[in-house]
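S.K.: Could you have a look at this structure, given as structure tokens, before my questions?
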Amino acid sequence: MMIYPLFPEGRDRALTFSYDDALDADVRLAGIFSSHGLKCTFNFCSDDGPHDGTFPSFDVNEVYLNHGHEIAVHGSEHAFEDRMPAEAVIADVLENRRKLESITHAPVKGMAYPYGTFTPELKQRLRDLGILYSRTVNSTHQFNMPSDFLEWNPTAHHRENIAEIGERFLNNSELRAPGTVCYIWGHSFEFDRTDGWDVIERFADQMAGKDCVWYATNMEIYDYNQAFRSLRFTADCCYVQNPSGRTVWIKRGREAFEIPSGDVVRIG
Ligand SMILES: [Zn+2]
């Protein structure tokens with residue numbers, strides 16, 4: 001019997017974005033996402049200074065948080081953390097978290113690797129520092145939920161023909177199983193400098209307002225996936241218990257089921 005995750009409201013795929021460094025072009029980018037109902041995670045540092053170690057000059061609440069976007073760690077100083085001693089990594093991540101959390105007044109536990117570099121040792125260190133997921137820069141051109149969230153490989157950078165990727169994501173039969181994720185990343189200043197805003201404006205138009213798509217931040221996808229993975233099935237898969245604190249949707253065969261928090265539901 002095939003049982004697969006669905007996303008909230010029974011949607012069968014999710015779209016998320018991740019943009020780094022929080023230069024001023026983020027204001028325009030966040031505006032495009034917000035006006036299309038799309039959700040993005042914005043990763044940035046907490047040191048003042050020239051690009052790559054910059055704290056945003058605009059109001060983080062107004063641009064990101066009030067529209068449901070997420071902010072996440074990018075290293076306090078945009079350092080190659082994979083090459084630094086433990087003490088320096090600890091300071092770099094915790095200082096970044098403290099600065100971002102002074103804005104959110106809530107835990108900030110997502111991250112994008114500065115320069116995309118990491119090692120197994122760095123991943124373990126981040127786990128100890130409370131980081132739950134971290135994005136790489138290695139495109140998969142696939143729509144997989146990551147098996148290791150501290151090595152969350154995106155689908156594509158926005159320069160990699162995202163119109164075609166979006167088409168495949170929305171329409172294709174390659175989505176054999178529900179529970180797939182399209183994950184686009186980049187830097188907003190690239191639209192100003194080289195890529196043109198058309199790329200992302202067209203993609204936003206292409207992806208917006210689809211009943212089958214859940215528009216979510218990186219952490220919302222992480223959290224939902226945790227809840228799905230916590231479901232307990234009877235051996236015959238006729239009943240499922242949801243011990244998590246949120247409603248989870250699943251598909252058994254062709255039928256969709258809503259499993260409220262704390263309930264046991266008959267599904268077969
Ligand atoms: Zn960066």
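The values are calculated or read from the model by the stated rules, or taken from the named source; none is laboratory data. In this text, all values refer to a predicted model and were calculated from it rather than measured experimentally. All Cβ positions, glycine included, derive from the backbone under ideal geometry; neighbour counts span all protein chains shown. Remember, those area values only see protein heavy atoms, side chains included, never the ligands or the DNA or RNA. Shrake-Rupley method; radii C 1.70, N 1.55, O 1.52, S 1.80 Å.
S.K.: Considering the chain as a Gaussian network with a 10 Å cut-off on Cα pairs, which listed residue, Ser134, Ser35, Ser76, attains the greatest mean-square fluctuation?
M.R.: Ser35
S.K.: Taking a virtual spin label 7 Å from the Cα of Glu164 along the C-beta vector, which residues in segment 129-153 bring their backbone nitrogen under 18 Å of it?
M.R.: Within reach of a label on Glu164, which here means backbone N under 18 Å from a point 7 Å along Cα→Cβ, segment 129-153 contributes 139-143.
S.K.: Tell me the angle of helix 198-207 to the major Cα principal axis of the chain, expressed in degrees between 0 and 90 and rounded to the nearest ten.
M.R.: Helix 198-207 sits roughly 20 degrees off the main axis of the chain.
S.K.: Based on DSSP H runs of at least 4 residues, each adding -39500 (n - 2.57), what is the mean residue ellipticity at 222 nm of the chain after dividing by all its residues, to the nearest 500 deg cm²/dmol?
M.R.: -8500 deg cm²/dmol
S.K.: At most 14 other Cβ atoms within 10 Å and a DSSP loop assignment: could you name the chymotrypsin sites (Phe, Trp or Tyr not before Pro) in segment 1-69 that fit?
M.R.: Loop-located and lightly packed - Phe58.
S.K.: Give the aspartates and glutamates whose C-alpha is closer than 12 Å to that of Lys109, dropping any in the same chain fewer than 8 places away, or say none.
M.R.: Glu70, Glu101, Asp128, Glu220, Asp223
S.K.: Which percent of the accessible area of segment 107-224 is formed by carbon and sulfur heavy atoms (probe 1.4 angstrom)?
M.R.: 46
S.K.: Also: Rounded to whole Å and ordered largest first, report the semi-axes of the equivalent ellipsoid of segment 1-113 derived from its Cα gyration tensor (root of 5λ).
M.R.: Taking √(5λ) for each Cα gyration eigenvalue gives 27, 19, 12 Å.
S.K.: What ³J(HN,Hα) values, in whole Hz, does the Karplus curve 6.51 cos²θ - 1.76 cosθ + 1.60 give for segment 93-104 when θ = phi - 60°, with x put for Gly and Pro?
M.R.: Along segment 93-104, the couplings run 7, 5, 5, 4, 4, 4, 5, 5, 6, 5, 9, 6 Hz.
S.K.: If you don't mind, there's one more thing I want to ask. So what J values fall out for segment 5-14 if you push phi through Karplus, 6.51 cos²θ - 1.76 cosθ + 1.60 with θ = phi - 60°, rounded to Hz, Gly and Pro as x?
M.R.: Result, rounded to whole Hz: x, 10, 9, x, 6, x, 5, 9, 8, 10.
S.K.: Report the trypsin sites (Lys or Arg not before Pro) located in segment 134-237 that are in a DSSP loop and have at most 15 other Cβ atoms inside 10 Å of their Cβ, or state none.
M.R.: Arg159, Arg176, Lys210
S.K.: Sticking with this structure for a sec: If you fit an axis through the alpha-carbon atoms of helix 218-229 and take the longest principal axis of the Cα set of the chain, what angle between them do you get, 0 to 90°, nearest 10?
M.R.: 30
S.K.: Another question, if that's okay. Could you bin all the Cα-Cα distances of segment 117-268 into 10 Å bins starting at 0 and give me the percent of pairs in each, rounded to whole numbers?
M.R.: Spelled out bin by bin, segment 117-268 gives 9, 31, 32, 22, 5, 1 percent.
S.K.: Still on this structure, please answer the following. Any idea how far apart Arg83 and Trp197 come out in nm if each label point goes 7 Å out from Cα toward Cβ?
M.R.: It is 3.7 nm.
S.K.: While we're on this one: Over the chain, one equal point on each Cα, no solvent: what is log10 I(q)/I(0) by the Debye formula at q = 0.12, 0.17 Å⁻¹?
M.R.: Here the Debye-derived log intensity ratios amount to -0.74, -1.34.
S.K.: For segment 65-76, just list the computed ³J(HN,Hα) in residue order, Karplus coefficients 6.51, -1.76 and 1.60, θ = phi - 60°, integers in Hz, with x standing in for Gly and Pro.
M.R.: 5, 5, 9, x, 7, 10, 10, 8, 5, 9, x, 4
S.K.: What is the extension gain from Asn61 to Ala91, computed as 0.36 nm multiplied by their sequence separation minus the C-alpha to C-alpha distance, in nm to one decimal?
M.R.: Between Asn61 and Ala91, full extension yields an extra 8.3 nm.
S.K.: Here's another thing I want to ask about it. With a 10 Å cut-off between alpha carbons and a GNM built on the chain, which of His187, His105, His78 moves the most?
M.R.: Checking each option, the largest mean-square fluctuation is seen for His105.
S.K.: Report the residue, chosen from Gly186, Gly166, Gly196, that carries the largest GNM mean-square fluctuation when the chain is represented by alpha-carbon nodes joined by springs under 10 Å.
M.R.: Gly196
S.K.: Accessible area per residue of the chain at 1.4 Å probe, in Å²?
M.R.: Spelled out: the 1.4 Å probe surface of the chain, per residue, equals 44 Å².
S.K.: Just read off the accessible area of Cys237 with the full protein assembly in place, 1.4 Å probe, to the nearest 10 Å².
M.R.: 40
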